[in-house]
Amino acid sequence: MLSAAGLTSHDYPFRPVPFTAVHLDDAFWAPRIETNRAVTIPYAFGKCEESGRMDNFERAAAVLRGENIANRKLPGYPFDDTDPYKVLEGASYALAVQPDPKTSAYLDSLIALFAAAQEPDGYLYTIRTIDPQHPNHWDGPTRWLNDPQQSHELYDAGHLFEAAAAHYQATGETNLLNVALKEANLLCQVFGPGTNQLHLWPGHEIVEMGLAKLYRVTGDRRYLDLARYFIDVRGSHPGGDDYHQSRIPPVDQTEAVGHAVRAGYLYSGMADVAALTGDRDYVHAIDAIWENVAGKKLYLTGGIGSVPRIEGFGPDYSLPNRTAYCETCAAVANDYWNARLFELHGDARYVDVFERTLYNGLLSGVSLDGTTFFYPNVLESDGTSARSPWFGCACCPGNITRFLPSVPGYVYAQQGETIYVNLYAGGNADIKLDNRLIKLTQATRYPWDGEIKITVAPDKTSRFAIAVRIPGWARNEPVPSDLYRFADTNTEPVTLSVNGKPVGIKLDQGYVRIDRLWKPGDVIGLNLPMPVRRVMANDKVNADRGRVALQRGPIVFCAEWPDNPGGKVRNLVLPDGQPLTARFEPGLLNGVETIAGKAFGVTKDANGQLMKTEQDFKAIPYFAWANRGKGEMEVWLAESESSVTPP
Ligand code: FUB
Ligand code: ZN
């Protein structure tokens, strides 16, 4: 019944080189991916156990066995089941590159637990099974009813499908896949355009992406049709709203609205269905929505979602810093979406947004030791924000565990006779191009240094192209829109060479395409100069007016309390033209580049008069903040006293 993964007549034209074929051994990503594998994944499983998330499956299973369970207390949230699913997905990716019998056995025991909690017809949602007579207030009185659109039954199913596809692809075992397919088959009966079917849209998207993955794995067209149905039914009848992206049908949407994680998953699901069916209407819609986000709703850190009340998008240019939402899950969703847009269009501008999000607003979601997390990722703190070891609503840690192992899968892509180099990270990759095997080895200290050497080793001398991405930040374009601009001009040129001979920087969709006869041992040399850059926001962004941010390479910096006099940073003024220098500090925050110079601290004297004193100033990478206790932090620094936060 199972077909080879990815064998569909339509698919993304630009295909990623799978993370299993890319081995990073650099000083930046390799240790983080290892911390995720060795620390965060077991830690998150432990938290799921400790917080009763595994027990929910046990209790649902007991109810199904007809046992009279003493404790019918419902899970805290209807989506608590998704946390073990997500961590299992991450663990599966980790297993795919590093087999570990102990982890495999643990996953099998969890899968047995999930299977036992699944109702005979395939329904799997412990919060209803534990006590069907007293449904949670987010859910309808009977299965699936979705009023007021908050049911998470399909959200839970979506995460189960994602985990099952990952587990099957990593291990070849079908135990979790069978659980997922049983539920997917039930959904195919229950939902659809038929008169005896339910015409409801999911209360929270992700089932669309999950179904697309099941389609890839099985080749069963019903799953793809259902994914498409769940997109098309959204907004097709009254009762929809912007929060759920259901006021109007997704194909007619042109603006990012509502809950940001839901939105990011919807747009990713639309990209999947578009790629797998060839439907251009979805592409037009997500292209327009992307223009809106990249041009008006994207934080400098790549975070999305500026309104805490709805965990979602606000009006154009409304990007407050202290109350930024920028949920970690939304950064993950933003990266899923941008990766898919690249795979549709082959344009580096999506990789620019992907990279910005990855190194900044996504990576900030987890501490350096892998055991504490941010849910919102603010860009300014008065000292009250801190990472947390876990959350009641624990969506973000699980998303970190499943995203980080797949980072190597975003480094390269291919289409026809072209290999795309999208991200820079030390390591090697084995890329199949028709009947050839090409080994690429990157040597670089990126993101701290822009010197990159790529050794090309085809198994036989042959002609193909390597498209080298020249990041927007290296071309004086921090984002592919006018939302942000560099206040200064970098005059140091990007240089590119093959075997030491210069190659002209002729850009095509953000890439320089080097089409030649490649022989083993050829070397591409790329230098992306990384001076400290000052960034300004579009004047329409009230929150950043009169303020400046610092960026070096793909990394956004912030000033944090331990590095600045008196533990204060919100009183800092960093005037234009003040010289700044960068240096690598191996002993700080696991080794980071820092930016230092002089700034002015604004204080009040005894009479309440503001005083400006010159003082030392230091900034660290934004992703690394909040690893040394609570205190002030600021990304957008005042350029003059008039915009400083009064002490
Ligand atoms: O509703 C499920 C998840 O919980 C959402 O994606 C997060 O924003 C949090 O609300
Ligand atoms: Zn979250």
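I'm checking my understanding of the structure. Among residues of segment 614-630 that are open to solvent by 70 Å² or more (accessible area, probe 1.4 Å) and outside any loop (DSSP other than H, G, I, E, B), which one is nearest to Gly601 (Cα to Cα)?
Glu614
Just checking, how many residues over segment 411-437 are among the aromatic types (Phe, Trp, Tyr) and either assigned by TED's automatic domain parsing to the domain that holds Asn338 or open to solvent by less than 10 Å² (accessible area, probe 1.4 Å) (or both)? Before the answer, list the steps.
Residues of segment 411-437 that are among the aromatic types (Phe, Trp, Tyr), as a first pass: 412, 420, 424.
Pick out the ones that are also either assigned by TED's automatic domain parsing to the domain that holds Asn338 or open to solvent by less than 10 Å² (accessible area, probe 1.4 Å) (or both) and you get 412, 424.
The number of residues fulfilling the criteria is 2.
With (1) surrounded by fewer than 16 Cβ atoms within 10 Å (Cβ to Cβ); (2) touching a residue at least 60 places away in the same chain (Cβ under 8 Å); (3) polar (S, T, N, Q) as the list, and Asn607 as the residue in question, which single condition is left unmet?
So Asn607 meets the others, but not (2).
Considering only residues that are touching a residue at least 24 places away in the same chain (Cβ under 8 Å) and within 17 Å of Ser236 (Cβ to Cβ), which ones fall in segment 191-219?
Answer for segment 191-219, where residues must be touching a residue at least 24 places away in the same chain (Cβ under 8 Å) and within 17 Å of Ser236 (Cβ to Cβ): Phe191, Gly192, Pro193, Leu198, His199, Leu200, Trp201, Pro202, Gly203, Glu205, Val207, Glu208.
All but one of (1) open to solvent by 10 Å² or more (accessible area, probe 1.4 Å); (2) under 30 Å from the mean Cα position of the chain (by Cα) hold for Leu550, so report the exception by its number.
Leu550 satisfies every listed condition except (1).
For residues that are touching a Leu at 6+ places or on another chain (Cβ under 8 Å) and polar (S, T, N, Q), tally how many sit in segment 138-171.
The qualifying residues number 3.
Pairs needed: first member in segment 375-400, within 14 Å of ligand 1 (Cβ to nearest atom); second member anywhere, at pLDDT below 95; C-beta distance under 6 Å; at least 6 residues apart or different chains.
If the second residue must be at pLDDT below 95, the pairs left are Gly392/Gly76.
Looking at segment 381-400, which of its residues are within 15 Å of ligand 2 (Cβ to nearest atom), touching a strand residue (DSSP E or B) at 6+ places or on another chain (Cβ under 9 Å) and not in a loop (DSSP other than H, G, I, E, B)?
Ser388, Cys396, Pro397, Ile400
Tell me the residue from Pro315, Pro320 that is surrounded by fewer than 24 Cβ atoms within 10 Å (Cβ to Cβ), over 14 Å from Ala260 (Cα atoms) and away from ligand 1 (no atom under 14 Å from the Cβ), please.
Details: Pro315 fails: over 14 Å from Ala260 (Cα atoms).
Testing whether each residue is surrounded by fewer than 24 Cβ atoms within 10 Å (Cβ to Cβ), over 14 Å from Ala260 (Cα atoms) and away from ligand 1 (no atom under 14 Å from the Cβ) leaves just Pro320.
Only one of (1) open to solvent by less than 40 Å² (accessible area, probe 1.4 Å); (2) within 16 Å of ligand 1 (Cβ to nearest atom); (3) at pLDDT 95 or above fails for Tyr77. Which number is that?
With respect to (1) open to solvent by less than 40 Å² (accessible area, probe 1.4 Å); (2) within 16 Å of ligand 1 (Cβ to nearest atom); (3) at pLDDT 95 or above, Tyr77 is out only on (1).
Surrounded by 23 or more Cβ atoms within 10 Å (Cβ to Cβ), more than 16 Å from ligand 1 (Cβ to nearest atom) and within 16 Å of the chain's Cα centre (by Cα): which single residue out of Glu355, Glu327, Glu343 fits that description?
Testing whether each residue is surrounded by 23 or more Cβ atoms within 10 Å (Cβ to Cβ), more than 16 Å from ligand 1 (Cβ to nearest atom) and within 16 Å of the chain's Cα centre (by Cα) leaves just Glu355.
So is Leu160 open to solvent by less than 10 Å² (accessible area, probe 1.4 Å) and assigned to a loop (DSSP other than H, G, I, E, B) or not?
When the stated conditions are applied, Leu160 does not pass them.
Identify, please: which residue in segment 184-231 is within 22 Å of Gly140 (Cα to Cα) and among the acidic types (Asp, Glu) and is, among those, farthest from the chain's Cα centre (by Cα)?
In this case the residue turns out to be Glu208.
Okay, residues lined up against (1) closer than 30 Å to Pro405 by Cα; (2) assigned to a helix (DSSP H, G or I); (3) in contact with a helix residue (DSSP H, G or I) (Cβ under 8 Å, 6 or more places away or on another chain):
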{"site": "Gly140", "(1), (2), (3)": "no, no, no"}
{"site": "Trp144", "(1), (2), (3)": "no, no, yes"}
{"site": "Asn196", "(1), (2), (3)": "no, no, no"}
{"site": "Pro202", "(1), (2), (3)": "yes, no, yes"}
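Any idea which residue in segment 207-240 is surrounded by the fewest Cβ atoms within 10 Å (Cβ to Cβ), counting only those that are part of a helix (DSSP H, G or I) and among the β-branched types (Val, Ile, Thr)?
The extreme case among them is Thr218.
Restricting the search to segment 438-447, which residues are open to solvent by 50 Å² or more (accessible area, probe 1.4 Å) and either without any contact (Cβ under 8 Å) to a residue 24 or more places away in the chain or not in a loop (DSSP other than H, G, I, E, B) (or both)?
Those that are open to solvent by 50 Å² or more (accessible area, probe 1.4 Å) and either without any contact (Cβ under 8 Å) to a residue 24 or more places away in the chain or not in a loop (DSSP other than H, G, I, E, B) (or both): Lys439, Thr441, Ala443.
Which of the residues that make up segment 241-278 are more than 16 Å from ligand 1 (Cβ to nearest atom), touching a residue at least 24 places away in the same chain (Cβ under 8 Å) and in a loop (DSSP other than H, G, I, E, B)?
Correct list: Gln253, Thr254, Glu255, Gly278.
With the requirement that a residue be outside any helix (DSSP H, G or I) and among the basic types (Lys, Arg), what does segment 326-380 give you? Outline the logic, then answer.
Going residue by residue through segment 326-380, those that are outside any helix (DSSP H, G or I) are 326-327, 346-347, 366-380.
Within segment 326-380, none qualify.
Going by what's in this entry, would Ala38 be described as out of contact with any strand residue (DSSP E or B) (no Cβ under 6 Å at 6 or more places or on another chain) and within 16 Å of Pro397 (Cα to Cα)? Quick ask: steps written out before the conclusion?
Values: out of contact with any strand residue (DSSP E or B) (no Cβ under 6 Å at 6 or more places or on another chain): yes; within 16 Å of Pro397 (Cα to Cα): yes.
Against the criterion (out of contact with any strand residue (DSSP E or B) (no Cβ under 6 Å at 6 or more places or on another chain) and within 16 Å of Pro397 (Cα to Cα)), Ala38 qualifies.
Could you check segment 315-334 and list, in sequence order, the residues that are charged (D, E, K, R) and within 14 Å of ligand 2 (Cβ to nearest atom)? Break it down into steps so the answer makes sense when it comes.
We begin by selecting, within segment 315-334, every residue charged (D, E, K, R); these are 316, 322, 327.
The answer is Glu327, and nothing else.
Sort out which residues of segment 110-149 are farther than 21 Å from Glu89 by Cβ, open to solvent by less than 20 Å² (accessible area, probe 1.4 Å) and among the hydrophobic types (A, V, I, L, M, F, W, C), and write them in order of number.
Answer for segment 110-149, where residues must be farther than 21 Å from Glu89 by Cβ, open to solvent by less than 20 Å² (accessible area, probe 1.4 Å) and among the hydrophobic types (A, V, I, L, M, F, W, C): Ile130, Trp144.
The values are calculated or read from the model by the stated rules, or taken from the named source; none is laboratory data. In this text the structure is predicted, and so the values were computed from the model without any measurement. No Cβ is skipped: glycine too gets one built from the backbone with ideal geometry, and neighbour counts run over all protein chains shown. What goes into the accessible areas is simple: the full protein's heavy atoms, side chains included, and nothing from ligands, DNA or RNA. Shrake-Rupley method; radii C 1.70, N 1.55, O 1.52, S 1.80 Å.
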